[in-house]
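A short write-up of the structure that comes next.
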Amino acid sequence: ALVANTRQRLREFGMTGEQVEELARTGDAQSRLTIYAPQGGTVIEKMAVEGNYVQAGDPIYRIAELSTVWLMLKLFPEDASRIRFGQ
């Protein structure tokens, strides 16, 4: 039960299943760990730098999903021919 709980806790901290299995297989803890975001998007703010101590729940990055962006603009008639739907 202790091993199962520890594996689950590592996943909750942001490790992938493959990373947990690699740790179990090698028994060697790495000094650096790649943490994957739970969502895709574009980083708009970096709140931590290398060497900072972060606790569980501390934000490290702000990520925005920018697949759709609304734009409000003044469009002059002579420029209208250059604008296409979906640009």
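The values are calculated or read from the model by the stated rules, or taken from the named source; none is laboratory data. A quick note: this is a predicted structure, and the numbers were derived from the prediction, not measured. With ideal geometry, Cβ positions are generated from the backbone for all residues, glycine too; neighbour counts draw on all protein chains shown. Each accessible area value is taken on the protein alone, full model and side chains, heavy atoms only, with ligands, DNA and RNA left out. Shrake-Rupley method; radii C 1.70, N 1.55, O 1.52, S 1.80 Å.
Could you go through segment 41-57 and let me know if any residue there is in a loop (DSSP other than H, G, I, E, B), in contact with a Lys or Arg (Cβ under 8 Å, 6 or more places away or on another chain) and of a type outside the set (Lys, Arg). For segment 41-57, residues in a loop (DSSP other than H, G, I, E, B), in contact with a Lys or Arg (Cβ under 8 Å, 6 or more places away or on another chain) and of a type outside the set (Lys, Arg): present. Picking from 45, 78, which residue would you name as being open to solvent by 100 Å² or more (accessible area, probe 1.4 Å) and farther than 19 Å from residue 12 by Cα? The match here is 78. Within segment 21-42, the set of residues being surrounded by 12 or more Cβ atoms within 10 Å (Cβ to Cβ) and over 30 Å from residue 66 (Cβ atoms) comprises 21, 22, 23, 24.
Within segment 48-75, restricting attention to residues that are among the acidic types (Asp, Glu) and open to solvent by 90 Å² or more (accessible area, probe 1.4 Å), the residue that is nearest to residue 10 (Cα to Cα) is 50. Within segment 10-20, can one find any residue that is at pLDDT 90 or above, open to solvent by 90 Å² or more (accessible area, probe 1.4 Å) and not in a helix (DSSP H, G or I)? For segment 10-20, residues at pLDDT 90 or above, open to solvent by 90 Å² or more (accessible area, probe 1.4 Å) and not in a helix (DSSP H, G or I): absent.
Contact map, segment 25-38: first residue within 13 Å of residue 11 (Cα to Cα), second residue of a type in the set (Asp, Glu) and part of a loop (DSSP other than H, G, I, E, B), Cβ cut-off under 6 Å, separation 6 or more or different chains; the map is empty.
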